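No lab work stands behind these numbers, since they all come straight from the coordinates. Everything numeric here is computed off the predicted structure, so don't read it as measured data. Here the Cβ positions follow ideal geometry from the backbone for every residue, glycine too, while neighbour counts run over all protein chains shown.
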Amino acid sequence: MPDSIMKTETLKPPAPAAMPTAAKLQRWSMILGGIVAALMFVNLYNIFMLVPTEKSMGLIQRIFYFHAPPLITSFVAFTVTFVYSILYLAKQRLWHDRIASCAAEVGVLLTTTGLITGPIWARPVWNTWWSWDPRLTTTLVLWFIYVGYLMLRAYAGEEQRGARFAAVFAIVGFVDVPIVYLANRLWRTLHPQPVIFGGSNSGLEPTMRYAFIFSIVTFILLFVFFLLMRLRVERTRLEVDQLKREIAFS
């Protein structure tokens, strides 16, 4: 029997040049952590001190700045997962898979934040904790898609096969991201029209618009910070796995 038939597929760790050094990841995360801390302080000041109180909803409207920006940032996170899943399938580099999975983890966290803050805001405004509104429903579906992605990564058995299955799943599941974004444009919904690029009858008061955009930028940088922290953990895990293989075959 030819040797090629008897060989089994093994997971090859990425070469050192294929991923950033531990020192570089640590340096980036420390610098970005300081920047995010400063921006979050300013963000809180903007939300609770600077922006005016909305006339019809009152103080509860300030949840908006903790509700929409994490969900928008989750689109960024799932886009990273989508792009790096394609790169993994194309180049079979394990570090691409790690970036995709770590971005998905942070994206699920951000989506969870949006799904929790939404009902808190909706209860006094809509007089209900939950409505099967198109935007809400498609966002919940998005959450389930990427929770399923993470479960597939965790329980698929052989790691390289699981990475391939998860990459395909992430690419197909990404179709829900533009559906969520366009939901209140495509269907009648309880959600207001988009406050940015929403047409002539939408928009925010200038100070509110500034605070909203500032909050989006802050949450995007927070996502990058969390991603770097998770990648530091993954890099250490890959090094430990490599040492175990070297010991096992020595």
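Numerical summary
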read-out	value
Proximal aspartates and glutamates relative to Lys55, as straight alpha-carbon distance under 15 Å, when same-chain residues fewer than 8 apart are discounted	Glu205
Alpha-carbon Debye profile of region 38-165, log10 I(q)/I(0) at 0.12, 0.13, 0.20 Å⁻¹	-0.58, -0.65, -1.09
Loop-exposed chymotrypsin sites (Phe, Trp or Tyr not before Pro) per DSSP, neighbour cap 11 Cβ within 10 angstrom, longest uninterrupted part of the chain	1-128
Inter-label distance, nm, simple model (7 Å from Cα along the C-beta direction), Lys244/Val147	2.8
For the chain, the Rg and Dmax computed from alpha carbons only, in angstrom	21.3, 79
Efficiency of FRET between Leu44 and Thr112 - r from beta-carbon atoms, R0 22 angstrom, step 0.05	0.60
Rounded FRET efficiency, nearest 0.05, which uses the C-beta distance separating Lys55 from Val168 and R0 of 51 Å	0.55
Nearest 10 degrees, 0 to 90: helix 206-248 Cα axis against the chain principal axis	20
Candidates Lys91, Lys24, Lys55: whichever shows maximal mean-square fluctuation once the chain is modelled as a Gaussian network with Cα springs under 10 Å	Lys55
